[in-house]
Amino acid sequence: LDNIFGSTGSGITIRDVITRLENLEFNLPINDEEPRNKIGKNQVRDEQPTHFISIPINKLKSNFDKLNYDLLEFNQEVESFLVPDASMHLTLLTLRAETSEEIEITKNIMNEIISSEEFKKIGPISLKFKGIGEFYQKVLYSKCESDCIDKLKLLKNLIFDKLSMANVNTAGNYYDFVPHLTVFKIKNNMNNSNMCVNDFVSEFLWDKYESFDFGNEIINEIKLCKMTNIFVSKAYPVEHSVQFVNHHT
């Protein structure tokens, strides 16, 4: 897998990056032995994020529905692990906002960024997802194609820098940015300890979707979401949403 994505350059593998991010977003336990690479001036080691800024996936849902249908046809038990349609997203960054003031600061920064010259210089960002892969046999994901990653990094860094300058705690951004879309994640508990991705993805499905083109979607919205266990709530609470459909026209 690391031959596909490469290393972060710090001795931390891409597997480590995704595993930690998935555990944070799904409100699942984090392995205390995982290496942590602090990169933000307002981060404190071991502090957990409370929110994340994400890009919602809308146009491509029908294509991922085809994959979900095939997964359910093969093994219906996967249903409890599938990411609900309403929660399909790509995460840009995480943060810790414990007060209403910190939430308001974050909202204002999101509003200001979309009208900034820095944002306009980035230009339209078209997400492209192609193929599927797995992390530690616990997560099935779709890969974000490399030709859009540079622009995504520019957007992520723009938001991250503005939050840092405003002294917002950017907890959780310990590793390099690895954009991906989660299809399902096997919950970490005693009942599921022996389950793996291959229990739900047959060889036929691997062959069918390994290089499957899920399509393109132009970004026109970013959301501030509160972290929660979506296996219970089925959707992340949205604290703020900013649309910018007309800013690149």
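Numerical summary
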quantity: Residues of segment 35-243: accessible area per residue with a 1.4 Å probe, Å²; calculated: 47
quantity: Cβ-defined net charge surrounding Asn198, 15 Å radius [Lys, Arg +1; Asp, Glu -1]; calculated: -4
quantity: Largest-first ordering by accessible area, 1.4 Å probe, given options Glu112, Glu145; calculated: Glu112, Glu145
quantity: Rounded FRET efficiency, nearest 0.05, which uses the C-beta distance separating Val238 from Lys121 and R0 of 35 Å; calculated: 0.80
quantity: Contour minus Cα-Cα distance for Ser211 and Lys153 (0.36 nm per residue); calculated: 18.5 nm
quantity: Candidate lysines for bridging to Lys66, where Cα separation is under 16 Å - those fewer than 8 sequence places away on the same chain excluded; calculated: Lys130, Lys208
quantity: Cubic angstrom per residue, convex hull over Cα atoms of segment 151-249; calculated: 175
quantity: Cβ crowding within 10 Å averaged over residues, with 137-144, 114-121 ranked highest first; calculated: 137-144, 114-121
quantity: Length-normalised contact order for segment 35-243 - Cα pairs under 8 Å, 6+ apart - percent; calculated: 36
quantity: Cα shape, segment 204-245, gyration tensor, a/c 1.5 rule; calculated: oblate
quantity: Neighbour-limited loop hits for GluC sites (Glu not before Pro), segment 59-110 (at most 15 other Cβ within 10 Å; DSSP other than H, G, I, E, B); calculated: Glu98
quantity: Whether segment 176-219 is rounded, prolate or oblate, judged on the alpha carbon gyration tensor where a/c under 1.5 counts as rounded; calculated: oblate
quantity: Shape call, segment 74-171: gyration tensor on alpha carbons, a/c limit 1.5; calculated: oblate
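The values are calculated or read from the model by the stated rules, or taken from the named source; none is laboratory data. The structure displayed is predicted, hence computed values, not measured ones. All Cβ positions, glycine included, derive from the backbone under ideal geometry; neighbour counts span all protein chains shown. Just the protein is used for accessible areas: all its heavy atoms, side chains included, with ligands, DNA and RNA removed. Shrake-Rupley method; radii C 1.70, N 1.55, O 1.52, S 1.80 Å.
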